[in-house]
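The values are calculated or read from the model by the stated rules, or taken from the named source; none is laboratory data. Keep in mind the model is a prediction, meaning the values are calculated, not measured. Cβ placement follows ideal geometry from the backbone for every residue including glycine, while neighbour counts extend to all protein chains displayed.
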Amino acid sequence: MKLGVNIDHVATLRQARGTNYPDPVEAARLCADAGAHGITAHLREDRRHIQDHDIERLAEERVLPLNLEMANAPDIVAIALRLLPDEVCLVPERRQELTTEGGLDAVGQEAALRPTITAMREAGIVVSLFIAPDPKQIEAAVALGAPYIELHTGTYCDASGAAAEEELKRLIEGARLAHRLGLKVNAGHGINTQNLPGILRIPHLDVLNIGHSLIARSVFIGLRGAVVEMLQGMNTYRGGEP
Ligand code: PXP
């Protein structure tokens, strides 16, 4: 299983003071050096953290495969088609939210998603849909021709006790169904070293996309240390069905 580091919150720290540091591209280089497998960045419509020039530099340097998280909005789609990230992950986006809340409604938005997915595929960009572990959403991803889904792990990561177990069961079943239907499966949102053991029970995972907890941990042990610590935690993953 691979680790994709979401570097949005390096930019959050920079934007908080309007400085030109810390630099997300320098963070990407450090992540590569520490053994991460990919870089994820979310160019939000409100540009609250990552800016256009960050994406341009990340796309140009390409220290690792670049996964652009994005809403299905025409101006952002145009940027993706110009910069050609290795992968795009289509997410829902609301301006008021603190972070991406809930998964994409691939069922309800099939008509709007189809042309975007087709354009991305024609441009050679791998498409992933960020969805909840809901069988209907997984089937819609297949119908739309997306090769990847990213299972939204936020509900599981925020829950405890029986609710967490219940959500983990949904994630496990969702990953099984997606795999059976020929999709590749990533997972992300809210993952940290504490909840990682539960995440490792989800079969068939290709990439874990992790941001906030890694950048938070790096305040204390450095970005390299935080990436290495997470990779060590992921080491025991066995992948397929037990
Ligand atoms: N995957 C997706 C699709 C996301 O929207 C986010 C948050 O930007 C992440 C992964 C990373 O989540 P976190 O910052 O909670 O690790």
Where Gly102 falls short, out of the listed (1) at positive phi; (2) away from the ligand (no atom under 15 Å from the Cβ); (3) at pLDDT below 95 = (2)
Any chance the stretch 169-187 includes a residue that's within 18 Å of Ala132 (Cβ to Cβ), part of a strand (DSSP E or B) and β-branched (Val, Ile, Thr)?
-> yes
Pair list, Cβ under 7 Å, 6 or more apart: the stretch 145-160 residue on the phi < 0 side of the Ramachandran plot, other residue polar (S, T, N, Q) = Ala146/Ser128; Tyr148/Ser128; Tyr148/Asn186; Ile149/Ser128; Glu150/Ser128; Glu150/Asn186; Glu150/Asn209; Cys157/Asn195
State whether one or more residues within the stretch 211-226 are under 27 Å from Ile117 (Cβ atoms), out of contact with any Gly (no Cβ under 6 Å at 6 or more places or on another chain), buried (at least 19 other Cβ atoms within 10 Å of the Cβ) and at pLDDT 95 or above.
-> yes
Has the stretch 188-205 got any residue that is on the phi < 0 side of the Ramachandran plot, within 14 Å of the ligand (Cβ to nearest atom), more than 18 Å from the chain's Cα centre (by Cα) and not in a strand (DSSP E or B)?
-> yes
Take Ile55 and decide whether it is outside any loop (DSSP other than H, G, I, E, B), touching a Leu at 6+ places or on another chain (Cβ under 7 Å), within 13 Å of the ligand (Cβ to nearest atom) and of a type outside the set (S, T, N, Q).
-> no
Any chance the stretch 70-85 includes a residue that's buried (at least 19 other Cβ atoms within 10 Å of the Cβ) and in a strand (DSSP E or B)?
-> yes
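Every residue, every condition in (1) of a type in the set (A, V, I, L, M); (2) out of contact with any Gly (no Cβ under 8 Å at 6 or more places or on another chain), yes or no:
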| position | (1), (2) |
| --- | --- |
| Gly4 | no, no |
| Ala36 | yes, no |
| Ile50 | yes, yes |
| Ile79 | yes, yes |
| Pro85 | no, yes |
| Asp105 | no, yes |
